[in-house]
Amino acid sequence: MFRNGFLVVVVSIAGLSTLNGTPAAPGRYEDLVILFSEWRAFQRPKLIDGAPDYTAAAMDRQRQELPAFQRRLTAIDSTGWTIPHQVDWHIVRAEMNGREFDQRVLRPWANNPAFYVTVFSSRSDQPAREGPLAWGAVQVWNYTFPLSAADAEQMAPGIRIIPKLLDQAKANLVGSGRDLWTRGGGSLREQAAALDRLATRVTDRPALKADVDRAKVATDAFAGWVASRAASKTGPSGVGVANYDWYLKNVQLAPYTWRDEVTLIERELGRSLAFLALEEQRNAALPVPAPIASAEEHTRRFDDAVTEYMAFLKDRGVMTIAPYMEGALRAQIGRFNSGPREFFSEIDYRDPVVMRTHGYHWFDLARMVSEPHPSPIRRDALLYNIFVTRTEGHATGWEEMMLQAGMFDSRPRSRELIYVLVAQRAARALGDLRMHSNEATLEQAAAFASANTPRGWLRLDGNLVRGEQHLYLQQPGYGTSYVIGKMQIEQILAARRRQLGDRFTLKLFLDEFNAVGLIPASLVGWELTGEKPPGLGEG
């Protein structure tokens with residue numbers, strides 16, 4: 001059966017290896033779906049007493065078995081397939097390459113103490129949480145308190161394994177990257193604080209409360225163990241330019257090298273700072289907006305911002321409005337914080353509409369639930385954050401697209417905020433690139449990002465600037481994806497405008513764009529334009 005250009009395949013678990021008792025022949029889309037299911041099961045760690053096994057022996061076994069999956073994929077010839085099916089083939093290839101990169105280069109279970117953080121109080125705006133993380137995360141934000149008996153039972157296994165996992169980590173961690181060890185301790189202390197808060201919310205569940213208390217003790221001990229060894233770790237934490245290039249080409253499926261991205265992002269930083277100066281000159285006689293100063297003002301202005309933004313999208317015919325979209329935005333309004341403010345709050349508290357545009361993320365996540373993609377390969381979050389050039393790139397680019405579409409014509413000072421945002425993304429992306437080339441330490445990357453973000457809003461005495469660089473050090477290409485993905489999507493839009501001519505509308509483009517799903521931007525472009533990206537390789 002076909003839906004939205006996809007063959008919808010229904011395969012029983014018992015029939016994964018054969019169909020009707022006959023070995024599956026290469027070259028069929030059904031074979032790719034079968035392989036994908038088996039691949040996803042393979043890449044998960046084995047469990048020992050409920051805890052994931054990241055020991056050297058377990059990871060070495062997985063490393064040795066991975067090439068067999070890659071060979072099976074290569075044996076599936078996608079010649080003659082529809083473009084959507086070929087795109088799915090390349091998604092599976094990118095995921096397998098992501099695992100190869102983890103095994104060969106990143107090895108987070110051996111190099112990165114923060115890999116073992118598994119308790120999260122707040123929701124990510126991404127399809128899967130950012131960065132390499134151990135299996136078994138406890139998403140506290142996803143529970144309603146007081147917990148029901150069923151929810152307490154569901155949460156307990158993830159809490160209960162924490163002492164076992166952290167004991168295992170002490171033997172697993174053999175890396176010498178100084179910045180990963182230094183910052184990893186901070187991430188573990190954040191987990192300890194999250195467990196402290198959780199303990200106060202489960203007092204009515206004594207068994208779970210005892211598990212939480214034991215997990216807190218284990219986390220404190222592990223954080224101390226990491227801190228006691230951090231000073232002896234003197235090696236580089238970056239992956240090096242050659243490995244970064246391999247990652248961009250084979251995992252992120254980006255058309256650029258490390259050097260290309262340095263050049264492009266330096267240009268974007270210069271452009272954003274120049275355009276900001278021009279906006280400031282044009283608006284010099286206008287009053288400077290004061291930040292939100294009270295909880296009452298916060299509630300009113302953020303509610304009004306969602307209303308204004310959604311009305312703009314609808315009244316201007318910008319995009320098809322689905323019933324779930326407004327609610328997805330309103331659910332993320334948050335609460336007033338009297339300060340000190342981090343960078344994004346400096347933007348938000350001056351004009352809440354600005355960051356509602358970046359809230360395209362929440363449209364994406366709601367669409368995954370309400371309109372699941374027909375392809376079983378795209379329906380859930382892709383592994384290894386390979387979706388970021390689409391998710392982060394589009395949310396970042398959408399801010400400036402809405403500026404150009406007229407969203408801020410009545411508030412010229414808010415146009416300045418868009419260019420402050422672009423500059424910050426470019427500055428921190430250069431930190432990503434220079435940390436991984438081992439030209440800069442995390443501290444130097446943070447200082448560069450702070451110094452090159454206008455108005456002093458990315459404070460060196462805050463938590464955000466180092467937290468972002470820590471993520472980018474753990475996950476190569478994440479920090480650059482905001483800017484590089486933005487550029488790729490602008491090119492896709494321009495290509496569709498060229499192809500459609502006067503028939504082009506932004507609404508039509510976004511209907512096509514959203515229907516493709518959350519996949520690498522290069523594959524989005526292929527599916528929308530019919531033009532296969534050069535250098536992608538054959539399926």
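Brief remarks on what is shown
- Among residues of region 161-188 being in contact with a Pro (Cβ under 9 Å, 6 or more places away or on another chain) and of a type in the set (A, V, I, L, M, F, W, C), the one that is farthest from ASP432 (Cα to Cα) is ILE161.
- Filtered residue count, region 187-216, keeping only those that are without any contact (Cβ under 8 Å) to a residue 12 or more places away in the chain, in contact with a helix residue (DSSP H, G or I) (Cβ under 8 Å, 6 or more places away or on another chain) and part of a helix (DSSP H, G or I): 1
- Within region 108-159, tally of residues that are of a type in the set (Asp, Glu) and in a helix (DSSP H, G or I): 2
- Restricting attention to region 443-458, the residues that are assigned to a helix (DSSP H, G or I) and within 18 Å of PHE343 (Cα to Cα) total 11.
- Just one of the listed residues (ARG71, ARG93, ARG61) is touching a residue at least 40 places away in the same chain (Cβ under 8 Å) and either over 24 Å from GLY467 (Cα atoms) or in the same structural domain as ARG356 (by TED's automatic domain parsing) (or both), and it is ARG93.
- Any chance PHE408 is closer than 29 Å to ASN337 by Cβ, among the aromatic types (Phe, Trp, Tyr) and either at pLDDT below 95 or part of a helix (DSSP H, G or I) (or both): no
- Residue in region 85-95 that is crowded, with 18+ Cβ neighbours inside 10 Å and within 29 Å of LYS170 (Cα to Cα) present: yes
- Condition met for ALA221 (closer than 20 Å to LYS170 by Cβ, modelled with pLDDT of 95 or more and either in the same structural domain as ALA149 (by TED's automatic domain parsing) or assigned to a helix (DSSP H, G or I) (or both)): yes
- Residue count for region 356-394 under the criterion of being free of Cβ contacts under 8 Å to residues at least 40 places away in the same chain and either in contact with a Phe, Trp or Tyr (Cβ under 6 Å, 6 or more places away or on another chain) or within 15 Å of VAL422 (Cβ to Cβ) (or both): the result is 1.
- Filtered by the rule that a residue be among the hydrophobic types (A, V, I, L, M, F, W, C), surrounded by 14 or more Cβ atoms within 10 Å (Cβ to Cβ) and part of a helix (DSSP H, G or I), region 303-321 gives ALA305, VAL306, MET310, PHE312, LEU313.
- Qualifying positions in region 56-75 - polar (S, T, N, Q) and in contact with a helix residue (DSSP H, G or I) (Cβ under 6 Å, 6 or more places away or on another chain): GLN70
- Among the criteria (1) surrounded by 21 or more Cβ atoms within 10 Å (Cβ to Cβ); (2) over 30 Å from GLY185 (Cα atoms); (3) not hydrophobic (A, V, I, L, M, F, W, C), the one PRO533 does not fulfil is (1).
- Yes/no for ARG341 being surrounded by 15 or more Cβ atoms within 10 Å (Cβ to Cβ) and either touching a Cys at 6+ places or on another chain (Cβ under 6 Å) or not in a loop (DSSP other than H, G, I, E, B) (or both): no
The values are calculated or read from the model by the stated rules, or taken from the named source; none is laboratory data. These numbers come from a predicted model, not from an experiment. For neighbour counting, all protein chains shown are included, and Cβ atoms are generated from backbone atoms with ideal geometry for every residue, glycine included.
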